[in-house]
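Sharing a structure, written as structure tokens. Questions coming.
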Amino acid sequence: MFKNVKTIVVLVLWSSFGLNAQNKVPVYLDDKKPIQERVEDALLRMTTDEKIAMIHAQSKFSSPGVPRLGIPENWMTDGPHGIRTEVLWDEWDQAGWTNDSCIAFPALTALSATWNKELAALYGKSIGEEARFRNKNVLLGPGVNIYRTPLNGRNFEYMGEDPFLTSKMVVPYIKGVQSNGVAACVKHFALNNQETNRNAVNVIVDDRALYEIYLPAFKAAVQDGDAWAIMGSYNKYKGQHCCHNEFLLNDILRGEWGFKGVVISDWGGVHDTNQAIYNGLDMEFGSWTNGLSWGTSNAYDNYYLAKPYSNKIKNGEVGTKELDEKVRRILRLSFLTTMNKERPFGSFGTKEHADAGLKIAEEGIVLLQNKNNVLPIDLSKTRKIAVIGENAIKMMTVGGGSSSLKAKYEVLPLDGLKKRVGTQAEIVYARGYVGDPTSKYNGVVAKVSLEDKRSPEELTAEALKVAKDADIVLFFGGLNKSDLQDAEGYDRTELGLPYGQDKLIAELVKVNKKIVFINISGNAVAMPWVKEVPGIVQGWFLGTEAGNALAAVLVGDVNPSGKLTFTFPAKLSDNGAHALGEFPGGDEVTYKEGIFVGYRWADKQKAKPLFAFGHGLSYTTFEYGKVTADKKQMTVGDQITFSVKVKNTGNREGSEIVQLYISDLKSSLPRPIKELKGFEKISLKAGEEKTVIFTVDKTALSFFDDKKHDWVAEPGAFEAIIGASAIDIKSKVSFSLQ
Ligand code: BGC
């Protein structure tokens, strides 16, 4: 029966191992063992079919685990502003659950406008808890694509135009999310700076702009934030789709940065099996969006990384090395998330989360203009407040594409104001204009219908009547989440406000000069009436607590302390991409402005912006001392410290965001006039003074030398510039690098 003695020995050993093994935990399940060992052990136990199953979707947002081994499925969720409602297995439509209404957090533009890293951590922790509670182990966010043009429909999901600021804000967000045993999936890697032709456009960008402007936030996410996942973008770079892009994924992400996490495709972003095998992608999602009603019975089998891949393995066309690599990375993700026994349980729709959202919203709101101290509203002297504009009554947690939410509740601006003002003053509302009356989006139905059949003339007449004898007029306008506004899939068509708002504002200022424009948007807009409207507030998309946050700032319960993270150009042609006619391109778009994005372009062209990067006012005032440096010269291995005193010279507590820019006075390659290299948000009581200290090393002085393919700090003269914004420069100090 047994061919030789060796076989008998093996069998004896095997049976005794089997006995012992009854009490023994397999290595992959033993959480005392290093993840690497557990991954290898699990991998050894898996069949090729099980591996193939793991690397592509089985539903809209999930992919299989290994049921035989007790390895759970992976469940993804949008991201980045709240946990997306449950959708049907195979379709985008809502599943109709009644227990999936989330807390909607402020959009990432609002978070970045706080310039507060602690709030980024709070945001990440809170949204991570919501994801965890809903049993999602990958949050599809945050988004860190750079604000190249104000027309990009998805800017509201990102963190502005500056790579340094975005890098600093993204790291605590990721750590907060991942402290819940939920992976942050940073998106969209890379160069996804427009929606027009997003699935096909090939971005042509020079290496300097790539490394200095478009990649730093991703690099920080990977290296400082230790993000466990990253999402490829829809567009192409060097002619290859970014979800399977040799240069971005193999060379840069894994090669240069040492990324150990999982690369997930954007939904429908995979186009080729061979490229998907070899060019760094790990998981394919969304290639077929409606697998049950068209295509084959299980469309997922036809994904590029499903049968087409296993067939290639079977017929010997490709080996299994790459497959194993992908599965290793996905197993690691499982051990860090679903199989991490220590992870907390999370919580969902809580007051604590709503309060976190409120705090972020309040700190993110930016006071752009406050002539004659029109704000805050002094309720003791106010009899009647006129509220005008559709955005005072329109839900903004819905719409806009994949970030649309089913929020547990959303406090609309008008309701927030009414609640706060109570009986202290009369509030009268007039719609003023009809923009998008849709009150239904992906299964979410607004409580109040926004249908309004009145003509623009009738609406204007009503608004003027209401405004005329009011003590103050609050105009809630801006954009919304409808297509061609702030929304995924489309870009805006103009910098100007839609729906005739400019005309209406021009009429309103004729009847009442005390008017405040609250811009609800995630983008810059043109303001031809800027001189006539004394108060301007950037009100963002603020989520569940929007109305309460806005009311708190408008009446002065909260002293505004947000600052802009992107430039409001005076006109579209003051933006580099538009000045050079390089937007949106056709099959290709060339980033001809190179490194000169946002304020870097405005500085170079000496184009005075409508509102500058870093700008934001307070109800108090701050006085800056003169910046000093601890040395005149530094060497390459050295650090240099700058100090500046800032004093609150007003009569109420407030926070100021102190900005450090570095200017390279002479360099072998063109450089921006200045670049943000430090910021600090400080809170000061009335009369209080603090010293703000910035310590930098050569990284703050470096540029990316495309010839050397490396960062270089060139010896020579530099300036440290302290600003309250990119154009409100307080003082400078010179130093040199030896
Ligand atoms: C978006 C992603 C999103 C995904 C899943 C895509 O269309 O670009 O940001 O995470 O859909 O909803």
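Under 25 Å from the Cα of Lys314, which lysines turn up, not counting those fewer than eight places away in the same chain?
Within the straight-line cut-off, Lys314 pairs with Lys51, Lys326.
Can you sort Ser380, Ser736, Ser63 so the residue with the fewest Cβ neighbours within 10 Å comes first?
Values: Ser380 7, Ser736 14, Ser63 22.
Placing the least packed residue first, the sequence is Ser380, Ser736, Ser63.
Any idea how far apart Lys608 and Thr635 come out in nm if each label point goes 7 Å out from Cα toward Cβ?
4.7 nm
Taking the beta-carbon count within 10 Å as an exposure proxy, list Trp529, Trp540, Trp115, Trp92 from fewest neighbours to most.
Trp92, Trp529, Trp115, Trp540
Local charge sum around Ala299 (other residues, Cβ-Cβ under 14 Å, Lys/Arg +1, Asp/Glu -1)?
Computed value for this residue: -2.
Next question, about the same structure. Rounded to the nearest Å, what's the spacing between the alpha carbon centres of the range 306-368 and the range 203-273? Just the number, please.
Going from one Cα centre to the other spans 16 Å.
Mean Kyte-Doolittle of at least -1.0 plus a Cα span of 20 Å or more along the axis: flag which DSSP H helices in the chain meet both, please.
Those that pass (Cα extent of 20 Å or more, hydropathy at least -1.0) are 5-21, 117-133, 163-178, 321-336.
Okay, next question. Dipole of the chain, Cα-centred, from +1 at each Lys and Arg C-beta and -1 at each Asp and Glu C-beta, to the nearest 20 debye?
1120 debye
Note down the net charge around Asp415, summing +1 for each Lys or Arg and -1 for each Asp or Glu among other residues with Cβ under 13 Å from its Cβ. Display every interim value, and only then the final one.
On the way: positive: Lys394, Lys418, Lys419, Arg420, Lys447; negative: Glu410, Glu545.
Combined, the nearby Lys, Arg, Asp and Glu give +3.
Shifting gears a bit: Between their Cα atoms, which of Lys168/Lys481; Lys359/Lys419; Lys371/Lys674; Lys60/Lys136; Lys32/Lys219; Lys408/Lys440 are more than 20 Å away from each other?
Details: Lys168/Lys481 27 Å; Lys359/Lys419 18 Å; Lys371/Lys674 29 Å; Lys60/Lys136 13 Å; Lys32/Lys219 30 Å; Lys408/Lys440 15 Å.
In this structure, Lys168/Lys481; Lys371/Lys674; Lys32/Lys219 exceed 20 Å between Cα atoms.
Which percentage, to the nearest 5, of the DSSP beta bridges contained in the chain is antiparallel?
Roughly 55 percent of the beta bridges in the chain run antiparallel, per DSSP.
If you don't mind, another one. Loop-only trypsin sites (Lys or Arg not before Pro) in the range 337-390, please: DSSP not H, G, I, E or B, and at most 14 other Cβ atoms within 10 Å.
Values: sites: Lys341, Lys351, Lys359, Lys371, Lys381, Arg383, Lys384; in loops: Lys341, Arg383.
Passing sites in the range 337-390 are Lys341, Arg383.
Can you give the net charge of the other residues whose Cβ lies under 14 Å from the Cβ of Asp502, counting K and R as +1 and D and E as -1?
Charge balance in the 14 Å sphere: +1.
At 222 nm, what helix-only mean residue ellipticity would the chain give, in deg cm²/dmol to the nearest 500, using -39500 (n - 2.57) for each DSSP H run of four or more?
Counting only the DSSP helices, I get -7500 deg cm²/dmol.
Taking neighbour counts of Cβ atoms within 10 Å as a proxy for exposure, in what order, fewest first, do Phe476, Phe517 appear?
If I rank by nearby Cβ atoms, fewest first, I get Phe476, Phe517.
Readers should treat all values here as calculations from the given coordinates under stated rules, not as data from a laboratory. In this text, all values refer to a predicted model and were calculated from it rather than measured experimentally. In this analysis, Cβ positions are derived from the backbone assuming ideal geometry, glycine residues included, and neighbour counts consider all displayed protein chains.
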